[in-house]
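Peer 1: One structure is given below, represented as C-alpha cells, and several questions about it will come after.
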Amino acid sequence: MVAPDLARRRIGSHLLRLMEGLAPPHVEQFILFTGTRSERNIRMYQKAGYRLVPLSVPTPPGHINGAVYLTKPRT
C-alpha cells in the first residue's frame, strides 16, 4: 500500500513490477485482491496486465467479502 499523500506518483506501479521481478522462478501466475470500490487500483492492475477473476456462486473458500481478485500469468 502506498501512503495516500504519495498517491499518483506511479509508486504502486513500480512496486508491482518489483514484486513480480523478485518472485521465485517457479511462480507461474500472480494473484492479488483489492476492494471492489478501489477503482483506481483496479485500473492500475489491469494496465499492468492483470485480469479480473469472475467469482462463482457460491464463492470459493477463503473469499474476502467486498474484494475482487485479479490474476496475471508470468511471462
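The numbers here are math on the coordinates, done by the rules we state, and not lab data. Just so you know, these numbers come straight off a predicted model, no measurement behind them. Cβ atoms come from the backbone with ideal geometry, glycine included; neighbour counts cover every protein chain shown.
Peer 1: What residues have an amide H closer than 5 Å to that of Phe30, excluding those fewer than 5 places away on the same chain, when H is modeled at 1.01 Å from N in the peptide plane?
Peer 2: For Phe30, the qualifying residues are Lys72, Arg74.
Peer 1: By DSSP, what percent of the beta bridges with both residues in the range 4-73 are antiparallel, rounded to the nearest 5?
Peer 2: Working: 9 of 9 bridges.
Within the range 4-73, antiparallel bridges account for around 100 percent of the total.
Peer 1: Based on Cβ point charges of +1 for Lys and Arg and -1 for Asp and Glu, what charge dipole magnitude is obtained for the chain about its Cα centre, in debye rounded to the nearest 20?
Peer 2: 320
Peer 1: Amide H to amide H, which residues 5 or more places from Tyr69 or on other chains are under 5 Å from it, using H placed in the peptide plane?
Peer 2: Result for Tyr69 returns Val53.
Peer 1: Relative contact order of the chain, please, whole-number percent, based on alpha carbon pairs below 8 angstrom and at least 6 residues apart. Before the final figure, lay out each step's value.
Peer 2: On the way: 58 pairs, mean separation 28.3, N = 75.
So the answer I get is 38 percent.
Peer 1: For the chain, the longest stretch holding no trypsin sites (Lys or Arg not before Pro) located in a DSSP loop with at most 16 other Cβ atoms within 10 Å is which?
Peer 2: Between exposed loop sites, the widest span is 38-73.
Peer 1: If you stretched the chain out fully between Gln29 and Arg8, how much longer would it get, using 0.36 nm times the residue separation minus the C-alpha to C-alpha distance? Numbers along the way, then the final one.
Peer 2: Values: separation 21, 0.36 × 21 = 7.56 nm, distance 2.64 nm.
That works out to 4.9 nm of additional length.
Peer 1: If you average the alpha carbon positions of the range 60-75 and of the range 25-53, how far apart do those two centres end up, in angstrom?
Peer 2: Measuring centre to centre over Cα atoms gives 8 Å.
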